[in-house]
Ligand code: AMP
């Protein structure tokens, strides 16, 4: 079910459990501000999720409440993950779903990194 990105943060969500180490993930990167792991249901040969360590529901919530160090750290982490995975050439797609119309399923901000083949048009027609 898609989530309402305006609701308060719910720390029982699956990515909060991954951050607390309560459930495993296929980790590819971590630093003080971010954790990255492979998506459990990949939509492309490379499908990585990057999440901030702080309790933010969505991009909207993060951009409104996170401090400058958290925002800089998270944005830099997304770039570092893509570079370390060798994706800069021939390229990759970043995607962040916010709210029900985008079909956000997990109410903890995550950026999808998709790569590994030509990804086609931005949206299904
Ligand atoms: P979204 O629709 O943008 O909220 O995307 C949620 C993503 O989280 C989907 O691509 C799921 O496949 C992925 N996902 C859900 N549970 C897990 C998990 N335990 N480990 C890794 N990825 C997950």
Q.
Quick check on my filter: what residues within the range 80-91 are at negative phi and either exposed (fewer than 13 other Cβ atoms within 10 Å of the Cβ) or over 14 Å from the mean Cα position of the chain (by Cα) (or both)?
A. 83, 84, 85, 87, 88, 89, 90
**Q.** Members of the range 100-117 found to be more than 10 Å from the ligand (Cβ to nearest atom) and not in a strand (DSSP E or B), listed by number
**A.** 100, 101, 116, 117
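Suppose we filter 48, 113 for residues that are in contact with a helix residue (DSSP H, G or I) (Cβ under 9 Å, 6 or more places away or on another chain) and more than 24 Å from residue 10 (Cβ to Cβ); which single one remains?
On the way: 48 fails: more than 24 Å from residue 10 (Cβ to Cβ).
Being in contact with a helix residue (DSSP H, G or I) (Cβ under 9 Å, 6 or more places away or on another chain) and more than 24 Å from residue 10 (Cβ to Cβ) holds for just one of 48, 113, which is 113.
Quick note: the coordinates plus some simple rules give every number you see, no bench work behind them. Because the structure is predicted, anything quoted here is derived from the model rather than measured. Using ideal geometry, Cβ is built from the backbone for each residue, glycine included, and neighbour counts are taken over all protein chains shown.
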